[in-house]
Amino acid sequence: MALRVPCPNCGWRPSTEFAWGGELRPVEAPDVESDFARVFLPENAAGEQAERWFHLLGCRRWILVQRDTTTNRVR
Amino acid sequence: MGGRLRLGRRRVPLDDGDTIASAMYRAGIRTFSRSLKYHRRRGLYCGTGECPNCLVTVDGVPGVRSCVTPARDGMRVRREGGWPSVERDVLSVLDRLHALLPVGFYYKTFIRPRWMWAMADRIIRRSVGLGRLPVGPVVAGTSRHLHCDVLVVGGGESGRAAAVSAAARGERTVLCDEGEVPDPPEGVEVLARHAAIGTYEGPMVSLASGEGLVEVHPERVMIATGATELHPVFPGNDLPGVMLGRAAAGLVRRGVKPGVRAVVVVEHDEGFEHLEALRSAGVRIAAVVVPGSLGSAVPDGLRTLVGADVLRAEGRERVRFAVLRDAEGVTRGIGCDVFVLSTGRSPRDDLLRMSAQGEPVEAVGDAAAAASPKEMSTAGYVCLCEDVSVADLERAWDEGYRSSELLKRYTTATMGPCQGAMCGRHLAAFAAARGAAANAARRTTARPLARPTPLEILAAPVHEVIDKRTSLHDLHVAAGARVGWSGPWLRPFAYGDDPQEEYRAVRERVSVMDVGTLGKFLLTGPDAKDLVDDAFPTRVDDLAPGRARYLLALDEAGYVFDDGLLCSLGAEGWYVTSTSGGADRMEGWLRDRADRCGFRAHVVDLTAERGATLVAGPLARELLVGLTDDPIDREAFPHMGVREVTVAGVPCGAIRAGFVGEVAFELHHPRSRGPDLWRAIVEAGAPLGLAPHGLDALEVLRLEKGHPYVGQDTLPDDTPAKLGLEWAVHAGKRFAGSHALERLAGSSPERRLVGLEFDRGGAELRGVPLRVGARIVGRVTSAARSPILDRSIGLGWIRREPEGLFPEELRADRVGVRVVPTPFYDPAGDRLRG
């Protein structure tokens, strides 16, 4: 709700300014089967994970965020 | 101040400092409402805005807490829950029918025959309730955000002290209270009449006020909401005249004598203050009941019963006797008209309990204190809001609902207006006393809302809605356009009363449309071509400068999320357009691919900076020839060509493409020059019969061409094959999502978007299920009556039949439907290329 996200360009901003881009995954996979796992089977970690966020209502850049999915603590 | 309340036909005089409840009480009113289920009389009880007993409707607004709401002259007050009136309520017969209406009765009764429930539902709804909601559209309130270091909720003693010391440390401090905050402390921003309704992650605290919603984003929150007085449970504990000490003292403070003869139960220090208040008001104290530890604290001259137990309160319309068993075991009934209970404190900590673990939210003062322990009696009302008695809890327990959360769900205790403020701890204690494990005897989860909140507040937008307008907006309005929302944009839907006129202008003459809302992106840099090649399934390598191509945008799962045009500008780079609603997603997608794949490319968003105007129709070229010196004939500027063209002195990037299926020029120009260009086109087009068209006409025009709208006609997991758009994917090419499509290559989709022809009807068919016999096999996503074809056409998706084929003969409600190929109009595209 009021989660705040550290944007390297804009500082700490409310998460509502961002679009969530999901967990950070490799940009491509060598073959069709491993690509399926890459796209459709996210780690969905209970704990810290690297995520991409798009600062839609700010600098309009993608940023990398470390978020703990159990506590929502962000850094 | 004087003045009067209007209570039905009665006029209730007001004194200075009166709340609605104190004025009513002074006028002799003892029954403030009827209880939810059994229609029992309920009187003033907590006096601090916690319990549901004194909720009234004021000037048409239900659920007003009369005990804490200041009275104003001319208020129209209505008591709720009784029929025909609260004083004479025929439904009070329900109070004798407990056996027929046990807890959870609506889960078990009226089930067969099925029509019974519909009837019972109506009756139940009419007989219960806290008043009538005003009917009509809700006008959304406003909202604002407030950032500070410390938010203190509650302006009592502890809250003030916390706020003052935070401010003294130089922290920006905000103090809010649902009531008034007299004598606001220095250096603290005070928000009086702002009720905290929820604590959220962040932390963030939402405040509801008459001025709207305030979302506070503090670094730390201090909950100083104090404590309520404990709600004792014994038979007759809900009779009018039985009240908590604070209610009695509150009446005295406002110059109202709570009764003539009082029995007072004092089990903590605060109770002696209330006792003193009653004496000072001239109330005769029939007896004071205290535990052994406090026996010596009772003032001399009062009849004191040390160590006596409260057995019950008796009376019909109001309390007449307090029945006690004294220390020697003798039962006595003591006559009284007010039975005052001051038996301990129950911290108001719901806002604290709503916050997630580890959040900087703490309670201070009474809100942080331990609750007074209290044994529960074997009878009486636990939950005043929902009329749940100890017997109801026992029955639920016996039926197997053996934890506080299950008891809550089955009996609805804690679910009423007080949200468990009175009964929450009792429910947990009840489960604990019957041997429930610790995790089954916890207090039930606290969730927003902590206070009754008007719908206007809930409807308040949390963010400022930015209405995007093109530079032509004022011209559209001046032309009488009906303007409405289309995604984030305000766009013209129609210019006159006759959308067919706009439609005919496109098909027969020439028309103009504002398409400045399209997403517009310029891609430059050494790797721009590689970025385009990677980001889209479209064939790029053979796209010559000055040419455009239909662009499908797929995500990494191979799902279509947008479409548009790709234009090669040669050395200047690549120009990409997207749908109006998809521009943000398209930009995010392009930047994501550019970043993660390491392309040296710039993504320049021109959506706001550039306007776009579509000139379309068989006479479009004839119109533009008069406005430009640049060659625009068929050979120099063919279909899907891209040229620099100066139109009416405005430099435009022109694309010969159109959604509508006629000769069309999409003119992309500096936003600021939009009005000049539009005026020149409209003027030059007048002799040709030009009429601008809006979204209503466009809907029919694009449907005739069978073009799906991504988002309206598509689903989030539609692949190109499901949409019949395989031709827009360049086979054998590597791009984001190519692996995913490769995986699906061998199988054919289970669902397809197809063209539909209806026996009759139009736009109203949109959303209607498609059936074969009684089975639903799909849904209509778009429908319109085509004037030029004189047919009803549409798009929709259908599922493959179990035998493996797609159905071809369907029904949409009573309308026959056939699956037909698209486009419906000009399938060969001769008019488009003309």
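Name the long-range amide H neighbours of B:L311: under 5 Å, sequence gap of 5 or more, or other chain; modelled H, no Pro or chain starts.
Those qualifying (amide H under 5 Å, at least 5 residues apart or on another chain) are B:V323, B:L324, B:R325.
Which whole-Hz ³J(HN,Hα) couplings does segment A:58-75 yield from phi under the Karplus relation 6.51 cos²θ - 1.76 cosθ + 1.60, θ = phi - 60°, glycine and proline marked x?
Result, rounded to whole Hz: x, 7, 6, 10, 7, 10, 9, 10, 9, 10, 8, 6, 8, 10, 6, 6, 10, 8.
At 1.4 Å probe size, with every protein chain present, just tell me what the per residue accessible area of chain B comes to in Å².
Values: 36440 Å² over 834 residues.
Per-residue value: 44 Å².
Contact order normalised by length for segment B:4-127, with contacts defined as Cα pairs under 8 Å and 6 or more residues apart; what percent is it? Let's see the in-between values first.
Values: 196 pairs, mean separation 30.9, N = 124.
Relative CO of segment B:4-127 lands at 25 percent.
Report, as a whole number in µm² per second, the diffusion coefficient that Stokes-Einstein gives for chain B at 4 °C and 1.567 mPa s using the Kirkwood radius over alpha carbon pairs.
Numbers: Rh = 32.6 Å.
Stokes-Einstein gives a translational diffusion coefficient of 40 µm²/s.
Counting only other chains, and only Cβ atoms inside 10 Å, what mean value do you get across the residues of B:585-594?
Working: counts 3, 0, 3, 9, 1, 0, 4, 5, 1, 1.
Shielding by partners across B:585-594 averages 3.
How big, in percent, is the set of alpha carbon pairs in segment B:519-606 lying more than 23 Å apart? Let's see the in-between values first.
Numbers: 373 of 3828 pairs.
Percent of Cα pairs beyond 23 Å in segment B:519-606: 10.
Express as a percent, rounded to the nearest 5, the fraction of DSSP beta bridges in chain B (both residues included) that run antiparallel.
Values: 117 of 156 bridges.
Of all bridge pairs located within chain B, approximately 75 percent are antiparallel.
If R0 is 22 Å, what FRET efficiency do you get for B:V462 and B:L715 from their C-beta distance, rounded to 0.05? Please report the intermediate quantities before stating the final value.
Working: r = 28 Å, r/R0 = 1.28.
The formula returns an efficiency of 0.20 here.
May I ask you to list the aspartates and glutamates whose Cα is less than 14 Å away from that of B:K257, ignoring any residue fewer than eight positions away on the same chain?
The reachable aspartates and glutamates, counting only those whose Cα sits under 14 Å from B:K257, are B:D15, B:D18, B:E276, B:D337.
With every atom except the alpha carbons ignored, what do you get for Rg and Dmax of segment B:750-832, in angstroms?
Computed over the Cα atoms of segment B:750-832, radius of gyration and Dmax are 12.7, 41 Å.
Once R0 is set to 41 Å, what does the formula 1/(1 + (r/R0)^6) return for the Cβ-Cβ distance between B:I776 and A:E43, expressed as a FRET efficiency to the nearest 0.05? Provide the component values of the computation, followed by the final result.
Values: r = 37 Å, r/R0 = 0.90.
After rounding to 0.05, the efficiency reads 0.65.
Give the Cα extents of segment B:306-451 along the principal axes, in whole Å, largest first.
52, 40, 30
Just for the Cα atoms in segment B:260-341, what are the lengths along the principal axes, largest first, rounded to whole Å?
32, 31, 20
Checking the a/c ratio against 1.5 first, then a/b against b/c, what shape does the Cα gyration tensor give for segment B:663-779? Don't skip to the end; give the middle numbers.
Values: a/c = 3.29, a/b = 1.49, b/c = 2.21.
It comes out oblate by the Cα gyration axes.
Mind listing, in residue-number order, the residues in segment B:462-496 that have at least 20 Å² less accessible area with every protein chain present than in their own chain alone (1.4 Å probe)?
At a threshold of 20 Å² (probe 1.4 Å), the residues of segment B:462-496 that become less exposed are B:H463.
Mind ordering B:387-400, A:3-16 by average Cβ neighbours within 10 Å, highest first?
Working: B:387-400: 19.0, A:3-16: 15.4.
Per-residue mean Cβ counts within 10 Å order the peptides as B:387-400, A:3-16.
In segment B:729-748, what residues drop by 50 Å² or more of accessible area when the other protein chains are put back, versus the chain on its own? Use 1.4 Å, and skip ligands and nucleic acids.
B:H739, B:R743
Measuring from centroid to centroid over Cα atoms, what is the spacing of segment B:563-590 and segment B:689-752 in Å?
16
Give me the summed buried accessible area for the A-B pair, 1.4 Å probe, to the nearest 100 Å². List each step's numbers first, then the result.
Numbers: alone 5410 and 37570 Å², together 40680 Å².
Adding both sides of the contact gives about 2300 Å².
Going from the alpha-carbon gyration tensor of the protein assembly as shown, what semi-axes, largest first and in whole Å, does one get by taking the root of 5 times each eigenvalue?
On the way: eigenvalues 921, 185, 163 Å².
Semi-axis lengths for the protein assembly as shown are 68, 30, 29 Å.
Taking the mean number of other Cβ atoms within 10 Å as a proxy for protection, how do you rank B:230-242, B:122-134 from highest to lowest?
Descending mean neighbour count gives B:230-242, B:122-134.
Pulled fully out, how much extra length does the chain show between A:N9 and A:A29, if you take 0.36 nm times their separation in residues and subtract their Cα-Cα distance? Intermediate values should be presented prior to the final figure.
Numbers: separation 20, 0.36 × 20 = 7.20 nm, distance 3.04 nm.
Difference between extended and current length: 4.2 nm.
Mind giving me the FRET efficiency for B:D497 and B:R743? R0 is 60 Å, r the Cβ-Cβ distance, nearest 0.05 is fine. Let's see the in-between values first.
Numbers: r = 52 Å, r/R0 = 0.87.
Approximately 0.70, to the nearest 0.05.
Based on DSSP, what percent of beta bridges with both residues in the protein assembly as shown are antiparallel, to the nearest 5? Walk me through the numbers on the way to the answer.
Details: 132 of 171 bridges.
Of those bridges, close to 75 percent are antiparallel.
For a protection proxy built on the mean count of beta-carbon atoms within 10 angstrom, sort B:187-199, A:47-59 highest first, please.
Values: B:187-199: 21.0, A:47-59: 16.8.
Output ranking for B:187-199, A:47-59: B:187-199, A:47-59.
Using a 1.4 Å probe and counting only protein heavy atoms, arrange B:D555, B:D830 so the residue with the most accessible area comes first.
Values: B:D555 30, B:D830 110 Å².
In descending accessible area the options line up as B:D830, B:D555.
If every alpha-carbon in segment B:441-567 counts as one equal scatterer, what log10 I(q)/I(0) does Debye give at q = 0.19 1/Å?
Cα-only, vacuum Debye calculation for segment B:441-567: -1.14.
Which whole number gives the average count of other chain Cβ atoms within 10 Å of the Cβ atoms across peptide B:350-359? All intermediate terms of the calculation are to be shown ahead of the outcome.
Values: counts 0, 0, 0, 0, 0, 0, 2, 2, 3, 2.
Per-residue shielding by partner chains comes out at 1.
Quick one: Karplus J couplings for segment B:476-488, per residue in order, coefficients 6.51, -1.76, 1.60, θ = phi - 60°, nearest Hz, x for Gly and Pro?
Using θ = phi - 60°, the values come out as 4, 5, 4, 7, x, 5, 8, 9, x, 7, 9, x, x Hz.
Taking only the C-alpha atoms, wrap a convex hull around segment B:142-294 and report its volume per residue in Å³ as a whole number. Walk me through the numbers before you get to the answer.
Details: hull volume 25.4 nm³, N = 153.
Cα-based convex hull of segment B:142-294, divided per residue, equals 166 Å³.
What's the carbon and sulfur percent of segment B:104-170's accessible surface, probe 1.4 angstrom, rounded to a whole number? Walk me through the intermediate numbers first.
Numbers: 2820 of 4620 Å².
The computed percentage sits at 61.
By a straight-distance test (C-alpha under 17 Å), which lysines pair with B:K408 as possible cross-link partners, with residues fewer than eight away in the same chain excluded?
Of all the lysines, those that pass the test against B:K408 - Cα under 17 Å, at least 8 places apart if same chain - are B:K37.
To the nearest whole number, what is the average tally of beta carbon atoms from other chains within 10 Å of the beta carbons of peptide A:28-41?
Per-residue shielding by partner chains comes out at 4.
In Å³ and rounded to a whole number, note down the convex hull volume per residue for the Cα atoms of segment A:4-68. Before the final figure, lay out each step's value.
Values: hull volume 5.8 nm³, N = 65.
So the per-residue hull volume is 88 Å³.
The values are calculated or read from the model by the stated rules, or taken from the named source; none is laboratory data. Computed from a predicted structure; not experimentally measured. Counting neighbours? That spans all protein chains shown, and the Cβs are built from the backbone with ideal geometry, glycine included. Quick note on the areas: whole protein, heavy atoms, side chains included, nothing else; ligands and nucleic acids left out. Shrake-Rupley method; radii C 1.70, N 1.55, O 1.52, S 1.80 Å.
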